[in-house]
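Nothing in this text is a laboratory measurement; each read-out follows from the coordinates by a stated rule. Predicted, not measured: the structure shown is a model, and the values here were computed from it. Cβ coordinates were reconstructed from backbone atoms using ideal geometry, including for glycine residues, and neighbour counts include every protein chain displayed.
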Ligand code: SF4
């Protein structure tokens, strides 16, 4: 069932792209409130909500650095090789995965989804490797913090190396090459 919903999300990638852009704008507007409450206190409830919603819609694995809008609304963490750029050379005839032949290749779906999106050309940008330290954290909160911090980067020097290494990813998908400082790790 989850797999069918994931395929549906890719088919309607343009709608989800639109919803996602609205959600992100709403979260960025809430940044001052989030600062007052404290991002570290919000981390756990946000991560829980995100896991529920995105788990259902996209089979989200909570990598914490969401790139859905660069991958046709098809979560690349469902690729058995967890490639952040794809597809690999092993796609079977009909666009099936070489590791899991019963599953369509995540990256074939991603290119299909991207072809329907307004910002679909983002898929051409090379994405940085997954930062495993962010696993389990809320990408929604991170995206809001990232956008809100874009004008105020001075205290964020330590994260600049990653962002500088992947300027294109930084530009189109800031949360995948984070600059804003991370809140304390939430206990699960
Ligand atoms: S890219 Fe990461 S945060 Fe986004 S849906 Fe996939 S696992 Fe979840």
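If each DSSP helix of 4+ residues adds -39,500 (n - 2.57) and the sum is divided by the residues in the chain, what number results at 222 nm, nearest 500 deg cm²/dmol?
-14500 deg cm²/dmol
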- Query: Which one of 170, 61, 36 has the biggest mean-square fluctuation once the chain is modelled by GNM with Cα springs under 10 Å?
  - Reply: 36
- Note on the structure: PRE zone check, label point 7 Å out along Cα-to-Cβ of residue 15, amide N under 15 Å, scope region 52-67, hits 57-58
- Item | Fluctuation leader among 139, 148, 110 - the chain, Gaussian network, Cα springs under 10 angstrom | 148
- Query: For 3, 20, 39, what's the fewest-to-most ordering of other Cβ within 10 Å of each Cβ?
  - Reply: 3, 20, 39
- Can you tell me the 0 to 90 degree angle between the C-alpha axis of helix 139-149 and the longest principal axis of the chain, rounded to 10? 50 degrees
- Query: Taking Rh as the Kirkwood radius computed over C-alpha pairs, what is the Stokes-Einstein D of region 1-103 at 37 °C in a medium of viscosity 0.692 mPa s, expressed in µm² per second?
  - Reply: 214 µm²/s
- In nm, give the distance between the simple-model label positions of residue 56 and residue 22, each being 7 Å from the Cα along the Cα-to-Cβ direction. 1.7 nm
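Per Stokes-Einstein, at 20 °C and 1.002 mPa s, what whole-number D in µm² s⁻¹ belongs to the chain, with the Kirkwood radius over Cα pairs as the hydrodynamic radius?
This corresponds to a translational diffusion coefficient of 127 µm²/s.
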- Query: So how far apart, in nm, are the two label points at residue 37 and residue 82 if each is 7 Å from Cα heading toward Cβ?
  - Reply: 2.9 nm
- Note on the structure: Most exposed first, judged by fewest Cβ atoms within 10 angstrom, 102, 131 run 102, 131
- Task: Quick one: among 18, 107, 140, which has the greatest mean-square fluctuation in a GNM of the chain with alpha-carbon springs under 10 angstrom?
- Result: 18
- Per-residue Cβ neighbour rank within 10 angstrom, fewest leading, 13, 181: 181, 13
- Angle in degrees between helix 13-29 and the longest Cα principal axis of the chain, rounded to the nearest 10: 10 degrees
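Looking at the square roots a ≥ b ≥ c of the eigenvalues of the Cα gyration tensor of region 81-135, which shape do they give, rounded for a/c under 1.5, prolate if a/b is larger than b/c, or oblate?
It comes out oblate by the Cα gyration axes.
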